[in-house]
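The values are calculated or read from the model by the stated rules, or taken from the named source; none is laboratory data. This is a predicted model, so every value here is computed, not measured. Cβ coordinates were reconstructed from backbone atoms using ideal geometry, including for glycine residues, and neighbour counts include every protein chain displayed.
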């Protein structure tokens, strides 16, 4: 039995003794060529529902997670499923019911079902009417004890103590999530902001921050947009709005800069609009980029590295509506360094100073996928950043992926 495939409790995966930053897809192609393309693009984690799909993932060097209906409790059928799958060497993590709190609060779906008439309108939850409160409290009282029971059973029989993860909606209720949070290892949410009426990609930074707080410091996995809304069955538009490569890259690095321990994609199996293959290539270009940085993504954050904007005070442009600033995360592996910068503002910053690098004076950095080069002087270096730009500075270009097709994808 290969006992190297299990979590550390820090949100990372382990394979053959190496820690891995999860790069995942909810899609699990049945065709070998499609799954091989995914694996070759650096994807290391896919949805698996049974032994056959775990075997399929393992054959391509990938790991799998298994979704579980924890809200039904430790039924005999549940116990048999856990015992059957717990020994599989490709199983990396257990997943609880998706968006479980969201499902009985803001989006119970009952407002759509006239014959039940539980929520007369879609805004019932946000108005916090007595009906919405009574219904949600009742459902929580039924679901939470069963979830805890099911999780306790998993803990009692899983020989490798794999991590348990529950994904929620971006705005799932704090009070109810906190009723199960101490039973799970990994939290996080899905957030799909690219729509025809607006494209606020940078809000993924706020979503990551929120779930780090909701989870009381637990590792956060973020589920990002792998589709266009018009391809969903309940889509209310015919307008195609795939995220551009730049938007997908901004979302991923905003999550990472704000502390996410995993990046996954939902919705790619629903794609049918024109441009879907070009969009898929753009996602694979990004996952390949992330996979090339694997050693850095599991390394500790160098907290003493700081960033500040020292702008030029021009008076010929209007003041920004909002100012979020530039976020930074710095990682090192021995003498190799990676510094990630994300301009979270819709305006440029013409003076961005990265400091705290006194031990690196004289060290040369290159901008990955760019032309910029800089040398650390007096513990710092300076760059400029365009609106919503991502810049990666590293000590060597070997941290660039050779998979470039798809990087120019734009709506």
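Would you be able to say whether some residue in the range 85-92 is within 14 Å of residue 153 (Cα to Cα) and either surrounded by fewer than 16 Cβ atoms within 10 Å (Cβ to Cβ) or modelled with pLDDT of 95 or more (or both)? Even if it seems obvious, please write down each step before you answer.
Just the residues of the range 85-92 that are within 14 Å of residue 153 (Cα to Cα), to begin with: 85-86.
Filter once more, keeping what is either surrounded by fewer than 16 Cβ atoms within 10 Å (Cβ to Cβ) or modelled with pLDDT of 95 or more (or both): 85-86.
Looking through the range 85-92, at least one residue is within 14 Å of residue 153 (Cα to Cα) and either surrounded by fewer than 16 Cβ atoms within 10 Å (Cβ to Cβ) or modelled with pLDDT of 95 or more (or both).
If you check residue 289 against the conditions, is it in the same structural domain as residue 45 (by TED's automatic domain parsing) and surrounded by 16 or more Cβ atoms within 10 Å (Cβ to Cβ)? Even if it seems obvious, please write down each step before you answer.
On the way: in the same structural domain as residue 45 (by TED's automatic domain parsing): yes; surrounded by 16 or more Cβ atoms within 10 Å (Cβ to Cβ): yes.
When the stated conditions are applied, residue 289 passes them.
Restricting attention to the range 106-134, which residues are closer than 18 Å to residue 179 by Cα and either loosely packed, with under 15 Cβ neighbours inside 10 Å or modelled with pLDDT of 90 or more (or both)?
Of everything in the range 106-134, those that are closer than 18 Å to residue 179 by Cα and either loosely packed, with under 15 Cβ neighbours inside 10 Å or modelled with pLDDT of 90 or more (or both) turn out to be 133, 134.
Residue check, residue 402 against (1) part of a loop (DSSP other than H, G, I, E, B); (2) surrounded by 13 or more Cβ atoms within 10 Å (Cβ to Cβ), all met but one. Which one?
Among (1) part of a loop (DSSP other than H, G, I, E, B); (2) surrounded by 13 or more Cβ atoms within 10 Å (Cβ to Cβ), the lone unmet condition for residue 402 is (2).
Filter the range 212-228 down to the residues that are surrounded by fewer than 22 Cβ atoms within 10 Å (Cβ to Cβ) and out of contact with any helix residue (DSSP H, G or I) (no Cβ under 8 Å at 6 or more places or on another chain), then identify the one that is farthest from residue 272 (Cα to Cα).
Selected residue: 217.
Exactly one of these conditions fails for residue 371: (1) more than 28 Å from the chain's Cα centre (by Cα); (2) modelled with pLDDT under 95. Give me its number.
All conditions are met except number (2).
Return yes when residue 389 is modelled with pLDDT under 95 and either surrounded by 16 or more Cβ atoms within 10 Å (Cβ to Cβ) or more than 23 Å from residue 295 (Cα to Cα) (or both) and no when it is not.
no
Would you check if there is a residue in the range 230-240 being in contact with a helix residue (DSSP H, G or I) (Cβ under 9 Å, 6 or more places away or on another chain) and buried (at least 23 other Cβ atoms within 10 Å of the Cβ)?
Initial filter on the range 230-240 (in contact with a helix residue (DSSP H, G or I) (Cβ under 9 Å, 6 or more places away or on another chain)): 231-233, 235-240.
Add one more test, that the residue is buried (at least 23 other Cβ atoms within 10 Å of the Cβ), and what stays is none.
There is no residue in the range 230-240 that is in contact with a helix residue (DSSP H, G or I) (Cβ under 9 Å, 6 or more places away or on another chain) and buried (at least 23 other Cβ atoms within 10 Å of the Cβ).
Just one of (1) in contact with a helix residue (DSSP H, G or I) (Cβ under 9 Å, 6 or more places away or on another chain); (2) at pLDDT 95 or above trips up residue 277, so point out which.
Only one criterion in (1) in contact with a helix residue (DSSP H, G or I) (Cβ under 9 Å, 6 or more places away or on another chain); (2) at pLDDT 95 or above is unmet by residue 277, namely (1).
Can you tell me which residues in the range 182-205 are closer than 18 Å to residue 387 by Cα and surrounded by fewer than 19 Cβ atoms within 10 Å (Cβ to Cβ)? Can you show your working first?
Step one: of the range 182-205, the residues closer than 18 Å to residue 387 by Cα are 193-194, 198-205.
Answer for the range 182-205, where residues must be closer than 18 Å to residue 387 by Cα and surrounded by fewer than 19 Cβ atoms within 10 Å (Cβ to Cβ): 193, 198, 199, 200, 203.
Kindly indicate the residue of the range 331-368 that is assigned to a loop (DSSP other than H, G, I, E, B) and touching a helix residue (DSSP H, G or I) at 6+ places or on another chain (Cβ under 8 Å) and also surrounded by the fewest Cβ atoms within 10 Å (Cβ to Cβ) among those meeting that condition.
Within the range 331-368, the first condition is being assigned to a loop (DSSP other than H, G, I, E, B), and the residues that meet it are 334-335, 344-348, 356-357, 361-363, 368.
Now restrict to residues that are touching a helix residue (DSSP H, G or I) at 6+ places or on another chain (Cβ under 8 Å): 344, 368.
Working: 344: 23, 368: 21.
Only one residue tops the list, namely 368.
Filter the range 353-367 for residues that are in contact (Cβ under 8 Å) with a residue 40 or more places away in the chain and within 22 Å of residue 293 (Cβ to Cβ) and give the result. Steps first, please.
The initial filter retains those residues of the range 353-367 that are in contact (Cβ under 8 Å) with a residue 40 or more places away in the chain, namely 353-357.
354, 356, 357 - these are the residues of the range 353-367 that are in contact (Cβ under 8 Å) with a residue 40 or more places away in the chain and within 22 Å of residue 293 (Cβ to Cβ).
Answer with yes or no whether residue 250 is over 25 Å from residue 65 (Cβ atoms) and surrounded by 21 or more Cβ atoms within 10 Å (Cβ to Cβ). Show your work before the answer.
Details: over 25 Å from residue 65 (Cβ atoms): yes; surrounded by 21 or more Cβ atoms within 10 Å (Cβ to Cβ): yes.
Yes: the conditions hold for residue 250.
Could you check residue 161 against (1) at pLDDT 90 or above; (2) at negative phi; (3) surrounded by fewer than 18 Cβ atoms within 10 Å (Cβ to Cβ) and say which number it fails?
Looking at each condition in turn, residue 161 falls short on (2).
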